[in-house]
Each structure stands twice: as C-alpha cells, then as structure tokens.
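The values are calculated or read from the model by the stated rules, or taken from the named source; none is laboratory data. Computed from a predicted model, the values in this text were never measured in an experiment. Quick reminder, even Gly has a Cβ in these numbers, built from the backbone with ideal geometry, and neighbours come from all protein chains shown.
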Amino acid sequence: MLLITDLPYPPADFSSDNPDDTNFYRAFADGCMPGFQQGFFVAGQDGRRVCCIPYFVTDLELNILLPRGRLFALLPKLSIQMACVGNPVTDLGRVEGELTPEIAEEVTRRLSQKGRLIAWKGFGEGLPLDGYARVRGLPVPVIRLDGDYYASLRGRRRRQLKSKLRKADGLSYEVVDGLPADLLDRMYALYLQTWEKAPIKFGRLGPDYFTRTSDGSIYMLFYLQGELIGFTQLLRKDQLMMSAFAGLDYQHTYEYGLYFAMLIRSVEVAQQRGCAEIELGSTCYEFKRILGAEQAPTWNYFRHQSKLLNWLLTRLSPLLEPSADDLK
C-alpha cells in the first residue's frame, strides 16, 4: 500500500549527492526566505521509501510567469496562491526516487489543498503528469570540466577571458571555505544590491540563509583597496559545484568587470577543487556560452484548479516560455 507523508523537513539523506543537499533544503524549511513555506512529501510502500518530493507554497505574482515585454509591463501585480514542486531558488528540480503516475497523481491532489495554481519547476520533459500545461523553462548553463579548462577553449575565447580578467587587475580576491561570519553584514548588503537590480524578484533571502548553508559552501571574496565589493557563494558536493548566490557593489561593478571576473574565477575554483562540472545559473547566457557552458533544458508544469483557467493555461503556454531577450 502506498503511503505519502507530508513532512516539514527533508529526510537526512535527501539530495545527498548534490550541492543543494539536505542542509540547503533545511535552510528553506526553517524559513530563510520569508513568504515561502518549504515542505516534503515522502512516499513509502511496504516499509521502504520510494520517493521524496520537495515543494513550496507562496503567493505568486502572475506577471513573473511572463517573459519581459509589453504584456509583462501591462499586467497588474495580481497574485495567486501557488503550491510548487521544487525549491524557490534552484534552477533544477529535485525528485529523489521513482516518481510513478500514482505518486504524481496523489501529490497533485495534496498540492491542490495548498494552492489554486499547482506547478513543478525545473524538471525534464517527461514527467508523468496528467492535465498540466508543459512550458519550456530557462535552460541551465553547465560547464563540463575534463582536463585543463583553458586548454579546452579556442584561442579567441581564451583571449576574451584573459582580457576580462585584466580589467579586474585592480582587485584582489580570496577563496575561503565556509561563511566568513565577520563579513556577513557587508555580504548581505551586497546581496541586497544585486537583488534590487534583478528585473524579476521571486522572493528575498534573509541573512540567516548564509549562516545555515555555511557547511558545504565556498566563498570567493573580491576586494578593492581592502573593501569587500563582491562575493560568490559556491556549493560543492564531491565532483559537482553550483554557483548559488552573489552580491556586487554596483558602484564598482562595471569599471572592473566584476561580474565577469567572478564567473571566470568560479570555473577556476571548480577545476582546482577537482570538480567534473559547475552549474552557473540561468542568467547572462551569452557570456556563459563564451565560457564554454552547455545549456541544460528545463520544463515547468502548471495546472490550475479551475477547468477554464487550466484550459487557458494550456492554450496560452507559449506565452510563458522564455523570450529571446531572456536567453541573451
């Protein structure tokens, strides 16, 4: 007999092979992103765990679903209660174990008790979901590291990257394991600067996120004349690395090409730490292609409890796909 339990925290070994592991998900379960409630469905059968499915519940502003453009700008900031499988900030969804049609149907029923709009965020195209609109999501840039990174690039691309790094010659940087607690206030202020610049705002981390995810984190810290002006949080598990969050002082970002230097140094750190790949996040695609990133496709799935609105979702799903501007 199939039994599905709704838990406030993940099992201790959930996502244990990934950079976004149990500690990462526990941070969200503990409320590190106000306005988002993280939970976990655990499916068991005959005394064994079959599947673990993380989800979150939030009030979603509807224009977040649209590509940037006239319709995005014109749509009033209406919101709807959404129950979504995945994590609020990760680009790739995690479902651990075997997701059978029976489990997917029961999870959909449970989610319908938590939100009018039900979603699955950042998954492959073949989920066994009935009655959902499937929408192509933002691809995830991933760099595979096999041998010497710079030697694997064409000469023109190597020269481009070296030129970007020369622009940042006036900066110093260091790599540290774990959160440098004495810098948390400054780092959080830089994170907020970056968050304010984002064209689409889907929740804001609290400072306790960085404290709760210190274990397993690697921080790159960038300084101008001794002042911290940028950081990148990298999460690592064995041979996998993920660029999680960054903060930049925009007073100096463009003069020194800080963002580009942070990306290049992230790849260098991944190779130095023996990683086979690094996931770079779903932004700034053009430069990440220069870095050598492949684009891992993702799909999002939506289902509204109203039959009429769900029919409209299915018919209008192309409007929800990333625009050409989103993929630059």
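Just the residues that are touching a residue at least 24 places away in the same chain (Cβ under 8 Å) and under 18 Å from residue 112 (Cα atoms), please, taken from segment 295-313. If the condition is that a residue be touching a residue at least 24 places away in the same chain (Cβ under 8 Å) and under 18 Å from residue 112 (Cα atoms), then 300, 301, 302, 303, 304, 305, 306, 310, 313 are the ones that fit. Residues that are surrounded by fewer than 15 Cβ atoms within 10 Å (Cβ to Cβ) and either of a type in the set (Gly, Ala, Ser) or assigned to a helix (DSSP H, G or I) (or both) within segment 151-167 comprise 151, 152, 155, 156, 158, 159, 162, 163, 166, listed in sequence order. Scanning segment 178-229 for residues that are in a helix (DSSP H, G or I), over 28 Å from residue 61 (Cα atoms) and either of a type in the set (S, T, N, Q) or in contact (Cβ under 8 Å) with a residue 40 or more places away in the chain (or both) gives 183, 186, 211.
Just one of (1) under 21 Å from residue 89 (Cβ atoms); (2) among the hydrophobic types (A, V, I, L, M, F, W, C); (3) touching a strand residue (DSSP E or B) at 6+ places or on another chain (Cβ under 6 Å) fails for residue 263. It is (3).
Does segment 101-115 contain any residue that is touching a helix residue (DSSP H, G or I) at 6+ places or on another chain (Cβ under 9 Å) and either surrounded by 13 or more Cβ atoms within 10 Å (Cβ to Cβ) or farther than 30 Å from residue 14 by Cα (or both)? Checking segment 101-115: not a single residue is touching a helix residue (DSSP H, G or I) at 6+ places or on another chain (Cβ under 9 Å) and either surrounded by 13 or more Cβ atoms within 10 Å (Cβ to Cβ) or farther than 30 Å from residue 14 by Cα (or both). Residue-level check: of (1) in contact (Cβ under 8 Å) with a residue 12 or more places away in the chain; (2) at negative phi; (3) out of contact with any Asp or Glu (no Cβ under 7 Å at 6 or more places or on another chain), residue 292 misses just (2). Taking the condition among the acidic types (Asp, Glu) and either assigned to a loop (DSSP other than H, G, I, E, B) or in contact with a Leu (Cβ under 9 Å, 6 or more places away or on another chain) (or both), does residue 286 pass? Yes. Scanning segment 256-287 for residues that are among the charged types (D, E, K, R) and modelled with pLDDT of 95 or more yields 265, 268, 273, 277, 279.
Among all residues of segment 260-282, there is at least one that is of a type in the set (Ser, Thr, Tyr), assigned to a helix (DSSP H, G or I) and not assigned by TED's automatic domain parsing to the domain that holds residue 55.
Taking segment 75-84 as the range and being modelled with pLDDT of 95 or more and in contact with a helix residue (DSSP H, G or I) (Cβ under 7 Å, 6 or more places away or on another chain) as the test, only 83 passes. Looking only at residues in segment 254-289 that are of a type in the set (Phe, Trp, Tyr) and without any contact (Cβ under 8 Å) to a residue 60 or more places away in the chain, the one that is surrounded by the most Cβ atoms within 10 Å (Cβ to Cβ) is 259. The test for being at pLDDT below 95, in contact with a Phe, Trp or Tyr (Cβ under 9 Å, 6 or more places away or on another chain) and either assigned to a loop (DSSP other than H, G, I, E, B) or not assigned by TED's automatic domain parsing to the domain that holds residue 81 (or both) holds for residue 327.
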